[in-house]
Amino acid sequence: MDDMVVGRFEEKWRNNAGKVVHVAQKEELSTVLRDLAETSHASEQHPVVVSVGSEEWGQWVRTGDTNLVYIWTEDENPEEFRQLCARASMGVSACVWAAADVGSIGLYRQKDNSLLPSLLPPIHVVIVPVSHIVPTFRAGMSKLYQDAQDTGIWPGLVKIVAGPSMTADIEGQLILGVHGPRDVYAVILHE
């Protein structure tokens with residue numbers, strides 16, 4: 001991936017009040033995610049919820065105490081998972097694509113993953129492999145179309161994340177985290 005495209009994504013993401021962490025090797029991902037989980041004060045009452053469409057990714061966030069991490073699988077009870085997400089300290093998901101020109105990330109909801117970890121916890125961490133960063137939003141949407149054409153399966157829902165939830169409804173003051181996560185991290189994985 002072109003370093004300029006990655007740099008442009010990072011610049012735009014930060015302009016949207018998003019936070020960035022770079023991970024040079026996949027093996028470092030576990031440490032970064034554990035550090036973020038500690039920062040979020042994860043506990044059995046306020047766990048880390050993971051929905052990344054792959055058990056492999058979920059294993060990177062696991063700690064010695066598996067009661068702190070819940071990984072969504074299609075066999076889970078959706079209502080129980082929703083309740084876990086509502087009291088979770090941190091949610092982790094993996095992007096399908098990230099658009100450098102606008103600093104936005106595309107997430108899909110399909111049967112093997114849930115978007116709840118990106119909506120309900122106060123901290124949302126998105127794993128962004130550099131190979132998933134595309135130059136433009138249009139290229140990201142083209143990837144959506146191409147993936148659906150290739151697999152014959154359209155996502156049940158597409159969510160575009162452009163940073164933390166924010167509003168300036170009250171006297172024009174910008175407030176973060178009113179309608180969703182207050183902190184959103186893009187963990188850029190240099191594979």
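The values are calculated or read from the model by the stated rules, or taken from the named source; none is laboratory data. Small disclaimer: the values here were computed from a predicted structure and weren't measured. In this analysis, Cβ positions are derived from the backbone assuming ideal geometry, glycine residues included, and neighbour counts consider all displayed protein chains.
Counting only residues that are surrounded by fewer than 19 Cβ atoms within 10 Å (Cβ to Cβ) and not acidic (Asp, Glu), which one in the range 106-118 is modelled with the highest pLDDT? Give the derivation first.
Filtering the range 106-118 down to residues surrounded by fewer than 19 Cβ atoms within 10 Å (Cβ to Cβ) leaves 109-112.
Next, from what is left, pick out any that are not acidic (Asp, Glu): 109-111.
Values: Arg109: 80, Gln110: 69, Lys111: 64.
The residue in question is Arg109.
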Considering the range 116-142, residues that are of a type outside the set (Val, Ile, Thr) and in contact with a Phe, Trp or Tyr (Cβ under 8 Å, 6 or more places away or on another chain), and then whichever is nearest to Arg182 (Cα to Cα), we arrive at His124
Do we have any residue at all in the range 162-179 that's surrounded by 11 or more Cβ atoms within 10 Å (Cβ to Cβ), closer than 24 Å to Glu74 by Cβ and not basic (Lys, Arg)? no
Within the range 177-191, the residues that are among the β-branched types (Val, Ile, Thr) and assigned to a loop (DSSP other than H, G, I, E, B) are Val178
Mind checking which pairs have a first residue in the range 117-128 that is in contact (Cβ under 8 Å) with a residue 12 or more places away in the chain and more than 17 Å from Trp97 (Cβ to Cβ) and a second that is hydroxyl-bearing (Ser, Thr, Tyr) and surrounded by fewer than 23 Cβ atoms within 10 Å (Cβ to Cβ), Cβ under 8 Å, 6 or more apart or different chains? Pro121/Ser40; Pro121/Ser89; Pro122/Ser40; Pro122/Ser89; Ile123/Thr39; Ile123/Ser40; Ile123/Ser89
Find all pairs meeting these conditions: Cβ atoms under 9 angstrom apart; at least six residues apart or on different chains; first residue within the range 92-105 and among the charged types (D, E, K, R); second residue at pLDDT 90 or above and buried (at least 22 other Cβ atoms within 10 Å of the Cβ). Asp101/Phe9
How many residues does the range 12-38 contain that are of a type in the set (A, V, I, L, M) and surrounded by fewer than 14 Cβ atoms within 10 Å (Cβ to Cβ)? 1
Scanning for something free of Cβ contacts under 8 Å to residues at least 24 places away in the same chain, closer than 23 Å to Asn16 by Cα and in contact with a His (Cβ under 9 Å, 6 or more places away or on another chain), does the range 166-181 turn up at least one residue? yes
Are there any pairs with C-beta distances below 6 angstrom linking a residue in the range 43-60 that is in a strand (DSSP E or B) to a residue that is at pLDDT below 60 and surrounded by fewer than 23 Cβ atoms within 10 Å (Cβ to Cβ), with the two at least 6 apart or on different chains, and if so which? Val50/Gly58
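Condition check: closer than 13 Å to Ala162 by Cα and surrounded by 23 or more Cβ atoms within 10 Å (Cβ to Cβ). Does Ala99 satisfy that? Spell out how you get there, then give the answer.
Values: closer than 13 Å to Ala162 by Cα: yes; surrounded by 23 or more Cβ atoms within 10 Å (Cβ to Cβ): yes.
It is true that Ala99 is closer than 13 Å to Ala162 by Cα and surrounded by 23 or more Cβ atoms within 10 Å (Cβ to Cβ).
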Residue under evaluation Ser89, criteria (1) among the hydroxyl-bearing types (Ser, Thr, Tyr); (2) touching a helix residue (DSSP H, G or I) at 6+ places or on another chain (Cβ under 6 Å); (3) at pLDDT 90 or above, criterion not met: (2)
Which of the residues spanning the range 129-158 are free of Cβ contacts under 8 Å to residues at least 40 places away in the same chain and crowded, with 16+ Cβ neighbours inside 10 Å? His132, Phe137, Met141
